[in-house]
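**Student:** One structure coming up, written as structure tokens, with questions to follow.
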Amino acid sequence: MTPFLEQLGLLGIVPVVVIDQEDHAAPLAEALIEGGLPCIEVTLRTEAGIRAIAAVRKHAPRMIIGAGTVLSVDQAKAAVDNGAQWVVSPGFNPKVVDYCLSQNIPVTPGVATPSEVEMAIDAGLDVVKFFPAEQNGGVEFLRALSGPYRKMKFIPTGGVSEENLVAYLKLPSVLACGGSWMVKADLIAAKNFDQIRILTDRAIKLMLGMQLRHIGMNMADAAKTPEVADRLSAIFGLSQRDTPGSIFVGNEFEVLKRVYLGTHGHIAISTPFIDRAVAYLERRGVKMNEKTRDLRDGKLHAVYFDEEVGGFAFHLLQT
């Protein structure tokens with residue numbers, strides 16, 4: 001997979017937009033960025049599509065920009081010439097795919113059947129768009145479709161919403177999801193960019209699902225760790241789990257057998273998508289303590305922030 005497509009995977013959500021007026025492009029891009037999602041797929045369903053891509057590129061040069069509904073090589077050329085970084089088509093168009101591959105342009109053609117997936121594999125692709133996702137059987141169909149094609153990643157688009165977003169993203173074969181619920185045409189037409197920002201922020205928070213997992217308590221005297229754990233158990237009626245480095249009391253408390261990071265201890269925040277959470281927080285200026293990265297089976301399981309807040313260290317925890 002190319003580094004560019006890996007970036008899409010870390011974003012997790014690709015806003016798919018239809019823009020009727022070029023002057024809507026810049027404030028729309030700004031709303032998405034402020035909402036935490038510096039990415040956009042501008043569909044070429046309107047005459048303003050190509051101009052909108054150029055406007056986004058000019059206003060937000062660091063934003064990831066894709067051209068959607070690309071039906072011909074000429075459209076692909078025009079989109080890239082005006083600032084698009086990758087090309088998306090609703091179906092598998094061999095001419096568009098061949099052109100993009102010859103020009104080293106990332107391309108994610110649409111597929112809906114095993115035969116089309118095999119066409120993509122034969123072309124050398126490892127990421128495709130699953131379209132229209134809900135109308136073609138949704139999560140369960142994609143789960144079945146993915147079974148024989150373990151190396152193929154999908155971007156389901158079409159009917160993806162707040163209600164099914166996380167279910168799609170939890171499929172190991174899903175790289176990201178394309179969606180339009182946060183960038184609906186009526187919101188853009190009404191120039192309600194503040195609402196788009198709010199919906200984008202809500203979509204990010206829904207995807208990351210970050211929640212307080214436990215509070216860690218540093219103990220300068222390891223001999224007192226059982227005493228503190230026993231008291232917490234008595235107060236809250238929670239069972240204990242003893243580990244080499246600490247005693248967990250329920251899922252809510254971790255009483256350490258030493259002083260670790262944080263003046264007072266640490267706070268663990270869980271997320272089902274730790275890599276995406278790290279990328280999101282880093283975009284917000286939060287640095288990670290690289291020395292604390294905990295990898296399990298080659299995948300990130302936990303990592304601490306490179307700062308403490310209110311005397312507590314913080315770390316993310318994959319769930």
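Here, each number is a calculation from the coordinates, and none is a lab measurement. What you see is a predicted model, and the numbers here were worked out from it, not measured in a lab. Counting neighbours? That spans all protein chains shown, and the Cβs are built from the backbone with ideal geometry, glycine included.
**Student:** Once percent of Cα pairs over 33 Å apart is worked out from the coordinates, which option in [x] 21; [y] 35; [z] 39 does it equal?
**Tutor:** The listed entry that was calculated here is [y].
**Student:** What nm value, rounded to one decimal, do you get for the distance between residue 230 and residue 20 when each label is placed 7 Å out toward the C-beta?
**Tutor:** Inter-label distance under the simple model: 7.2 nm.
**Student:** May I ask you to sort 34, 41, 254 by Cβ crowding, counting other Cβ atoms within 10 Å and putting the fewest first?
**Tutor:** Result, fewest neighbours first: 34, 254, 41.
**Student:** Which order results if 181, 86 are arranged by neighbouring Cβ count within 10 Å, fewest first? Display every interim value, and only then the final one.
**Tutor:** Values: 181 18, 86 24.
Fewest-to-most Cβ neighbours within 10 Å comes out as 181, 86.
**Student:** In terms of modelled amide H atoms, which long-range or inter-chain residues lie less than 5 Å from the amide H of residue 129?
**Tutor:** Result for residue 129 returns 110, 111, 155.
**Student:** In addition: Among bridges DSSP assigns within the chain, what percent are antiparallel (round to 5)?
**Tutor:** Details: 22 of 55 bridges.
Antiparallel: roughly 40 percent of the beta bridges in the chain.
**Student:** Rounded to the nearest 500, what is the 222 nm mean residue ellipticity of the chain from helices alone, with -39500 (n - 2.57) per DSSP H run of 4+ residues and division by all residues? Let's see the in-between values first.
**Tutor:** On the way: 12 runs with 115 residues, N = 319.
That comes out to -10500 deg cm²/dmol.
**Student:** Hey, another quick one. Taking θ as phi - 60°, what are the ³J(HN,Hα) couplings along the stretch 152-157 by the Karplus curve (6.51, -1.76, 1.60), each to the nearest whole Hz, with x for Gly and Pro?
**Tutor:** Residue by residue, the stretch 152-157 yields 8, 10, 10, 10, x, 9 Hz.
**Student:** Taking 8 Å as the Cα distance limit and 6 or more residues as the minimum spacing, I'd like the relative contact order of the chain as a percentage.
**Tutor:** Details: 632 pairs, mean separation 44.6, N = 319.
Computed over the chain, the figure is 14 percent.
**Student:** Please tell me the relative contact order of the stretch 10-145 in percent, rounded to the nearest whole number, where contacts are Cα pairs under 8 Å and at least six residues apart.
**Tutor:** Values: 226 pairs, mean separation 22.0, N = 136.
Dividing the mean separation by the residue count of the stretch 10-145 yields 16 percent.
**Student:** ³J(HN,Hα) across the stretch 38-43 via Karplus (A = 6.51, B = -1.76, C = 1.60, θ = phi - 60°), whole Hz, x for Gly/Pro?
**Tutor:** Running phi through 6.51 cos²θ - 1.76 cosθ + 1.60 with θ = phi - 60° gives x, 8, 7, 10, 8, 7 Hz.
**Student:** A follow-up question, please. For the chain, with a Gaussian network of springs between Cα atoms less than 10 Å apart, report the residue from 174, 56, 259 with the top mean-square fluctuation.
**Tutor:** Its mean-square fluctuation being the largest, the pick is 259.
**Student:** Moving to a separate point now. Quick one: Cα centre-to-centre distance for the stretch 246-311 and the stretch 93-154, in angstrom?
**Tutor:** 36 Å
**Student:** Could I ask something else about it? When only DSSP loop residues count, what GluC sites (Glu not before Pro) in the stretch 80-184 have their Cβ near at most 14 other Cβ atoms within 10 Å?
**Tutor:** 162, 163
**Student:** Right, here's the next one. List the residues whose amide H sits under 5 Å from the amide H of residue 217, counting only those 5 or more places along or on another chain, with H placed 1.01 Å from N in the peptide plane.
**Tutor:** Distant-sequence amide H within range of residue 217: 254, 255, 256, 266.
**Student:** Give me a comma-separated list of calculated 3J(HN,Hα) values for the stretch 143-151, in order, Karplus coefficients 6.51, -1.76, 1.60 applied at θ = phi - 60°, integers in Hz, x for any Gly or Pro.
**Tutor:** 4, 5, 4, 6, x, x, 10, 5, 8
**Student:** Same structure again: Name the long-range amide H neighbours of residue 179: under 5 Å, sequence gap of 5 or more, or other chain; modelled H, no Pro or chain starts.
**Tutor:** For residue 179, the qualifying residues are 14, 16.
**Student:** For each of 224, 151, count neighbouring Cβ atoms within 10 Å of the residue's Cβ, then give the residues from fewest to most. Provide the component values of the computation, followed by the final result.
**Tutor:** Details: 224 12, 151 8.
Going from least to most buried by this count: 151, 224.
**Student:** What is the stretch 211-318's relative contact order, in percent, from Cα pairs under 8 angstrom and six or more apart in sequence?
**Tutor:** On the way: 210 pairs, mean separation 29.3, N = 108.
Normalised by residue count, the contact order of the stretch 211-318 is 27 percent.
**Student:** Something else: Quick check for you: which residues of the stretch 182-196 have the amide N under 14 Å from the point 7 Å beyond the Cα of residue 45 toward its beta carbon?
**Tutor:** Hits in the stretch 182-196 for residue 45 at 14 Å: 182-189.
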